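Enquirer: Please see the structure below; I have some questions.
The values are calculated or read from the model by the stated rules, or taken from the named source; none is laboratory data. Keep in mind the model is a prediction, meaning the values are calculated, not measured. We place every Cβ from the backbone using ideal geometry, glycine too, and count neighbours over all the protein chains shown. Quick note on the areas: whole protein, heavy atoms, side chains included, nothing else; ligands and nucleic acids left out. Shrake-Rupley method; radii C 1.70, N 1.55, O 1.52, S 1.80 Å.
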Amino acid sequence: FNPEENILVIAHNTMPLRMAGFDRELQPYALWPYGGTGVQIVSEMVINQAVTLLRVARNLRDAVVAKGKIVSVNALPHAEYVQASIELRDIRQFLSKLLGNHHALVYGDYVREVKYLATELNLKVEEV
């Protein structure tokens, strides 16, 4: 991460093909080798796209949600993953509230919807 610029770098080895929603066209994708015996799906990510990050704690009672923007993407086939740099409002606050190391990432600003769902599920959610 880069605290001076409020940039969080996340990486994963696969991603959904409909990051913009199930009612949208499939995004372009490629199949990369994975682990020497399998394949992974890698799709393009949109620069300057607003995103929502969500992490639900293992206790299923707490969650953290944050709004951000994709500022860069690096596809690293030799390392078998894609990195996305996400600009957040306050990276230090986000890191201080981490509930784990796996986050759901979706295109768009869904913070309000996440808070509503959390209320319905009796889940304590904190926006950072």
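Enquirer: Quick one: Karplus J couplings for the stretch 97-108, per residue in order, coefficients 6.51, -1.76, 1.60, θ = phi - 60°, nearest Hz, x for Gly and Pro?
Expert: 10, 4, 10, x, 10, 10, 10, 7, 10, 9, 5, x
Enquirer: Counting pairwise Cα distances across the chain, what percent come out greater than 27 angstrom?
Expert: Numbers: 1816 of 8128 pairs.
I get 22 percent for the Cα pairs in the chain exceeding 27 Å.
Enquirer: Probe of 1.4 angstrom, ligands and nucleic acids ignored: what's the accessible area per residue over the chain, in square angstrom? Walk me through the numbers before you get to the answer.
Expert: Values: 8240 Å² over 128 residues.
Accessible area per residue: 64 Å².
Enquirer: Can you grab the distance from the C-alpha centre of the stretch 1-34 to the C-alpha centre of the stretch 90-108, Å, no decimals?
Expert: Measuring centre to centre over Cα atoms gives 15 Å.
Enquirer: P(r) for the stretch 33-84: what percent of alpha-carbon pairs falls in each 5 Å bin, starting at zero?
Expert: In whole percents, the pair-distance histogram is 5, 16, 18, 15, 15, 17, 13, 2.
Enquirer: With each pseudo-label sitting 7 Å past Cα toward Cβ, what's the Ala104-Gln27 distance in nm, one decimal?
Expert: That separation, rounded to one decimal, is 1.7 nm.
Enquirer: So, one more: Carbon-plus-sulfur fraction of the accessible area of the stretch 44-127, 1.4 Å probe, in percent?
Expert: After summing per-atom areas, the C and S share lands at 50 percent.
Enquirer: Another question, then. Rg/Rh for the stretch 50-117: what does it come to with C-alpha atoms and Rh from Kirkwood? It would help to have the intermediate numbers written out before the result.
Expert: Details: Rg = 13.0 Å, Rh = 13.0 Å.
Here the Rg-to-Rh quotient is 1.00.
Enquirer: Tell me, what is the 1.4 Å probe accessible area of Tyr34, in Å² to the nearest 10?
Expert: Probe radius 1.4 Å; accessible area of Tyr34 about 90 Å².
Enquirer: Let me ask something else about it. Kindly identify the stretch 1-49 as rounded, prolate or oblate by the Cα gyration tensor criterion: order the square roots of the eigenvalues as a ≥ b ≥ c, call it rounded if a/c is under 1.5, otherwise compare a/b with b/c, prolate if a/b is larger, else oblate.
Expert: Oblate shape, in that a/c is at least 1.5 and b/c is the bigger or equal ratio.
Enquirer: Taking only DSSP H segments of four or more residues, each worth -39500 (n - 2.57), what value at 222 nm results for the chain once the sum is divided by all its residues, to the nearest 500 deg cm²/dmol?
Expert: Numbers: 2 runs with 16 residues, N = 128.
One gets -3500 deg cm²/dmol as the mean residue ellipticity at 222 nm.
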